[in-house]
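**Student:** This structure is in structure tokens; I'll ask about it shortly.
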Amino acid sequence: MTETRTGTLYLIVGPSGAGKDTLITAARDRLCQTHVFPKRTITRPIQSPEEDHIVVTVDAFNTQMRAGHFSLTWSAHGLHYGIPNSILDDIKRGKHVVANVSRELI
């Protein structure tokens, strides 16, 4: 009998500017074989190299949200954020998922 293991969802939280994206970038370099670092969809342009996300308009975000594209969504500072549904399959396959989210989401 084969044992099936599921992965774990790790949520990285902290105040703006605390270095969450820098921490996640360093972890990605070391853990890419066993961990997944999904790109967030955000309704703002990319502001720094560490912040690698998918840029969308508010209308596009709302359309994707209504279509069920995201596992997690939240709003903060007048922006909308989403984590894709693909993380559910990653976790089922035994991958650990690391995501930068809002403290209020937790």
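The values are calculated or read from the model by the stated rules, or taken from the named source; none is laboratory data. Every value quoted in this text rests on a predicted model; they were computed, and no experiment measured them. When we count neighbours, we look across all protein chains shown, and the Cβ atoms used for this are built from the backbone with ideal geometry, even at glycine. Accessible surface areas use protein heavy atoms only, side chains included; no ligands, DNA or RNA. Shrake-Rupley method; radii C 1.70, N 1.55, O 1.52, S 1.80 Å.
**Student:** Out of ILE83, ILE87, ILE46, ILE91, which single residue is part of a strand (DSSP E or B) and among the aliphatic types (A, V, I, L, M)?
**Tutor:** ILE83
**Student:** Give segment 9-37 a look and list any residue that's assigned to a helix (DSSP H, G or I) and either open to solvent by less than 40 Å² (accessible area, probe 1.4 Å) or within 14 Å of ALA99 (Cα to Cα) (or both), or say none.
**Tutor:** Once the filter is applied, which keeps residues that are assigned to a helix (DSSP H, G or I) and either open to solvent by less than 40 Å² (accessible area, probe 1.4 Å) or within 14 Å of ALA99 (Cα to Cα) (or both), segment 9-37 yields LYS20, ASP21, THR22, LEU23, ILE24, THR25, ALA26, ALA27, ARG28, LEU31.
**Student:** While we're looking at this one, here's another question. So, in segment 67-80, of the ones that are surrounded by 12 or more Cβ atoms within 10 Å (Cβ to Cβ) and small (Gly, Ala, Ser), which residue ends up modelled with the lowest pLDDT?
**Tutor:** ALA76
**Student:** Another question, if that's okay. Give me the residue from segment 74-95 that is under 25 Å from THR34 (Cα atoms) and among the hydrophobic types (A, V, I, L, M, F, W, C) and, out of that set, nearest to the chain's Cα centre (by Cα).
**Tutor:** Here the answer is ILE83.
**Student:** Shifting gears a bit: Filter segment 38-61 for residues that are open to solvent by 30 Å² or more (accessible area, probe 1.4 Å) and of a type in the set (D, E, K, R); which is farthest from PRO84 (Cα to Cα)?
**Tutor:** Among them, the one singled out is GLU50.
**Student:** Residue check: is GLN64 of a type in the set (S, T, N, Q) and either part of a loop (DSSP other than H, G, I, E, B) or loosely packed, with under 12 Cβ neighbours inside 10 Å (or both)?
**Tutor:** Considered against the rule, which asks whether it is of a type in the set (S, T, N, Q) and either part of a loop (DSSP other than H, G, I, E, B) or loosely packed, with under 12 Cβ neighbours inside 10 Å (or both), GLN64 comes out as no.
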